[in-house]
Amino acid sequence: MAMVTGLIPILRTAVEATTDYTGRTMWFGFAVVRLLALYVSEIPWGKLDLDFDCRGNETSEFCRKACFSEHFNIPVVSLWNSAYVFFVASVLLMELFTSQLRHNLTKTAMKKKMAQNEGPLVGTWSSDFAHKDIILDFHHQRSLLLLYLMCVLLRLLGELAFLYILIGWHLPLVSGDPIECSTLLCPGPFMCLVRFPAEKRMSLYLLGSLSILLVLSCVVFGLYSICHYLTKCQTRREP
């Protein structure tokens, strides 16, 4: 239910927006797929505390939890969700820029209409104009193109950091190897094991594969935008 509730505003924003630009549908599609991947990936990690088992001399529940806290000293699911929030924020940041541009274009058109009619602006006309679709051309909106590239760069940096977290931090936690534990309050030593490591690794592979696809998309769209829009804008301005 929570996943469906999260999908509704994303899909509504993607469908009902009146301003379109290059790659907009794809980024919102990634936001939806990423949310579904998070839902599937979190299932094997839902009972992580119960999946952590220890054996040793006089092993108590307190010592088991102490070893659990020592091994999983890095947040897992919360970092996944934080990375998703960062990705959605970068997408919505572009929406904020395009919304402001649409507002400025609307005000400019309204002023021109008032100047032509030499009279007050009719409310019905302004309402009709506000609901017209606007397709942004980066050839004529260079400032918006630079903001778009900035948003793509933020996504790229965020996904690279997320990949580093998945591969460098989370994957070693569920390698399947026995864990030797000894804490200050529980000297041990205890031999601990994380159950169902294959399922947990598979969830990491799923998120990592999607993140790699996002990194490649950011690189391709960034290079395409620079070569197709930014370079041509400079060429057109040359005499």
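The values are calculated or read from the model by the stated rules, or taken from the named source; none is laboratory data. All values reported here derive from a predicted model rather than from experimental measurement. Please note: Cβ atoms are built from the backbone with ideal geometry, for glycine as well, and neighbour counts cover all protein chains shown. Only protein heavy atoms, including side chains, enter the accessible area calculation; ligands, DNA and RNA are left aside. Shrake-Rupley method; radii C 1.70, N 1.55, O 1.52, S 1.80 Å.
Here are the criteria: (1) in contact (Cβ under 8 Å) with a residue 60 or more places away in the chain; (2) open to solvent by 30 Å² or more (accessible area, probe 1.4 Å); (3) among the aromatic types (Phe, Trp, Tyr). Tell me which single one Tyr39 does not satisfy.
In the conditions (1) in contact (Cβ under 8 Å) with a residue 60 or more places away in the chain; (2) open to solvent by 30 Å² or more (accessible area, probe 1.4 Å); (3) among the aromatic types (Phe, Trp, Tyr), Tyr39 misses (1) alone.
Quickly run through segment 183-209 and pick out the residues that are within 13 Å of Val40 (Cα to Cα), open to solvent by less than 90 Å² (accessible area, probe 1.4 Å) and out of contact with any Ser or Thr (no Cβ under 7 Å at 6 or more places or on another chain).
Lys200, Arg201, Leu204
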